[in-house]
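The values are calculated or read from the model by the stated rules, or taken from the named source; none is laboratory data. Source: prediction; values computed, not measured. FYI the Cβ positions are ideal-geometry reconstructions off the backbone, even for glycines, and counts take in every protein chain you see. The accessibility values were calculated without ligands, DNA or RNA, using every heavy atom of the protein model including side chains. Shrake-Rupley method; radii C 1.70, N 1.55, O 1.52, S 1.80 Å.
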Amino acid sequence: MLNYDTFTLNKDFKRLYGRGKCLVFPSVVVYYQKNRLGYCRIGITAGKKIGCAVKRNRAKRVIRAAFHRLLPILSGGYDFVFVARVRTASVKSTEVFRSLKKGLAKEGILAGHEKNNDMGN
């Protein structure tokens, strides 16, 4: 699966904030929900707390680059909202990719990874 779509409407973001599941990482917060489309849709947001426009745009670029690396190993269609945190503007996309890969694999969203409910036993 190598194609995805973006959404920019406020109602799509609010739907995921309200009904989606949430994963929190040091550099990014992810809200996600399964969709029936067969492909992924993403929305990226970076508030003014991140910094000036240059820092907000860099944070969004870092998240987008990490998602591009994650896209080939995603299973099924999901809607994602990525919320940048203050730390996002100062890290590399590989760090964001590693944390997303680890967290999404634990949730069973990545292809070849089953959701692991046993506490490491």
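Keeping to pairs on different chains or 8 or more places apart, tell me how many lysine pairs in the chain have Cα atoms under 12 Å apart.
On the way: LYS21/LYS34; LYS60/LYS92; LYS102/LYS115; LYS106/LYS115.
The result is 4.
What value, in deg cm²/dmol to 500, does the helix sum -39500 (n - 2.57) over DSSP H runs of n ≥ 4 give at 222 nm once divided by the residues of the chain?
Calculated from helices alone, the mean residue ellipticity at 222 nm is -11000 deg cm²/dmol.
In this label model, ARG19 and THR45 are separated by 1.7 nm, measuring between points 7 Å along each Cα→Cβ vector.
For the stretch 1-30, backbone nitrogen atoms closer than 16 Å to the point 7 Å from ARG69 Cα along Cα-to-C-beta are found at 26-28.
Each Lys or Arg adds one and each Asp or Glu subtracts one; over the other residues with Cβ under 15 Å from the Cβ of ASN35, this totals +4.
Working note: Karplus 6.51/-1.76/1.60 with θ = phi - 60° gives the stretch 6-13 the couplings 10, 10, 10, 6, 4, 5, 5, 5 Hz, where Gly and Pro are set to x.
If packing is taken as the average number of other Cβ atoms within 10 Å across a peptide's residues, how do 62-68, 5-11, 32-38 rank, most packed first?
Working: 62-68: 20.3, 5-11: 10.4, 32-38: 12.6.
Packing order, densest peptide first, comes out as 62-68, 32-38, 5-11.
The label point for ARG61 and the one for LYS102, both projected 7 Å from the Cα toward the Cβ, are 2.6 nm apart. Per residue, the chain exposes 59 Å² of accessible surface when a 1.4 Å probe is rolled over the protein heavy atoms with every protein chain present. The H on the amide N of PHE80, modeled in the peptide plane, is under 5 Å from the matching H of ARG41, ILE42, GLY43, each at least 5 residues off or on a different chain.
Taking only protein heavy atoms and a 1.4 Å probe, the accessible area of the chain is 50% carbon and sulfur.
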